Each structure stands twice: as structure tokens, then as C-alpha cells.
Amino acid sequence: MHIVVLSGPEMAAEFKQKFQEEREGVSYTFLQSHSLLDEQLKPADVVFDFLLHENPERLSMYAPGQVVFCNAATVQLAALASQADLEQPGMLIGFNGLPTLFNRPVLEVSVLHKGCEAKLQEVCQTLGTDYLLVDDRVGMVTPRILCMIINEACYTLQEQTAGIADIDLGMKLGTNYPKGPFEWANQIGVKNVYQVLQAVYEDTKEERYKICPLLKTKYLKGESF
């Protein structure tokens, strides 16, 4: 099985951390360019595309038989396939590709259709990773929950009810979470948190996902907490 990984350097490093063991019959090619040539993709049995949601038209470059894992933290697979206007979208599988949330024992995944599940199981077994199959929805499960918690923490900070250190400590002691919301925000990336919340809010129009002005300001200024 040959796997092409299309990502920036940060997620390429995290991919290598998760799948660091050399496995018999598995080889990798790492690419970082948004502009790909057909000959770069043809040898791949499986593609992990961390950038496909930014260029959905690229989905048309993949062959019907290729298994394409797409970073689905901010996009619904059904919408992605619709935007690409494919008659046969093939084996499209979503995964949680956010920084620090990809390299976990269990890979969070979704599928475009039921026909993808057998291939998903085969690939994950070959790579030696457990997986959790969730519904094909914008935000998946973990990104949606974590980003909502971070957003609520931003409202608390904005109202000056508590400081960053106190909020982080309170969450860890009160809920036994491994990290506080602002620690998570910095590790996931404020930009990514903002984009997940924006995508989920546009999809649901639920007030609980409406972005806190403080978080928006941090995003616009390119700042962390």
C-alpha cells in the first residue's frame, strides 16, 4: 500500500509521529504543494489530504479507485463531493486533521457513504490504528465540542469573570480534562478554532457556536492566548 500525504510541515510531522512504525508493505510520499500533477497522485492507493477542504475542486483529480482521507473538521463530505460535481465521488473518508488532535490512539473518521466502511477498516488495520466512526457533519464530534468549550471560556475571559490561568486550572480540576480551554486553543491554533466555529455556526445557526468577539479579535490579529 502506497500512501501520499498532502499537508503542511506541521501536520506532516504529526502524521509521522502517529504512524512512526515502519510496517511491511506500506510506503509513504509527503507533498506540501496545493498544485499537484496527476503523476504525483497516480501511484497512491491511499491519500491523506489535509488541504482538500481548501481546494475542493482537486477532488476531481483523484481516481475512482483511490481511497481519499480528507481533513473534515470544517466541511461535510457530502458538501465537498457536491462542490466537486463528481458523478462517482469514490472512496471519500473524513478525518479529524486538526493539530494535536490527529495524533491520538483513536482516529476520528466519517464516511461519504456506507460503501467506504470496508475500505476504511482495511486501511486502518494495515496502518495499525483504531478508529471511531462518526456522522458526516461539519465539525465532526471532538472539534465541535472542544471549540465550543474554548468559545465559552472566551466569553468568561471577556467578561473578566476569571483569568486565563484560573479558567484553565478550573477546567482541569473540575472536569478532569487533560488541558484547559486556552491551552487547547493555543495547541490547536486560534485560527483553526475560529474556522471550526464559523463552519459549524453557518451549518447550524445555533447560538452556542456564535463566535465570541474576543476570539474573533485574536484570530484577526493572529494572536494566541
Here the qualifying pairs (Cβ atoms under 6 Å; residues six or more apart or on different chains; first in the range 122-138 and closer than 16 Å to residue 112 by Cα and among the charged types (D, E, K, R); second at pLDDT below 95 and open to solvent by less than 20 Å² (accessible area, probe 1.4 Å)) come out as 136/77
Working carefully through the options 54, 39, 10, find the one that is open to solvent by 60 Å² or more (accessible area, probe 1.4 Å) and either touching a Leu at 6+ places or on another chain (Cβ under 8 Å) or modelled with pLDDT under 80 (or both).
-> 39
If we ask which residues in the range 2-29 are in a helix (DSSP H, G or I) and among the acidic types (Asp, Glu), their number turns out to be 2
Has the range 168-177 got at least one residue that is in contact (Cβ under 8 Å) with a residue 60 or more places away in the chain and open to solvent by 70 Å² or more (accessible area, probe 1.4 Å)?
-> no
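Being of a type in the set (D, E, K, R) and at pLDDT 95 or above is the filter here, so list the residues in the range 105-129 that pass it.
Initially, the range 105-129 is screened for residues of a type in the set (D, E, K, R), giving 108, 114, 117, 119, 122.
Result: 108, single match.
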What do you reckon, is residue 170 under 21 Å from residue 48 (Cα atoms) and of a type in the set (Gly, Ala, Ser)?
-> no
Selection count where residues are part of a loop (DSSP other than H, G, I, E, B), open to solvent by less than 30 Å² (accessible area, probe 1.4 Å) and of a type outside the set (Gly, Ala, Ser), scope the range 137-167 | 2
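The values are calculated or read from the model by the stated rules, or taken from the named source; none is laboratory data. If you're wondering where the values come from, they're calculated on a predicted model, not measured in any experiment. FYI the Cβ positions are ideal-geometry reconstructions off the backbone, even for glycines, and counts take in every protein chain you see. Side chains included, ligands, DNA and RNA excluded: accessible areas come from the protein's heavy atoms. Shrake-Rupley method; radii C 1.70, N 1.55, O 1.52, S 1.80 Å.
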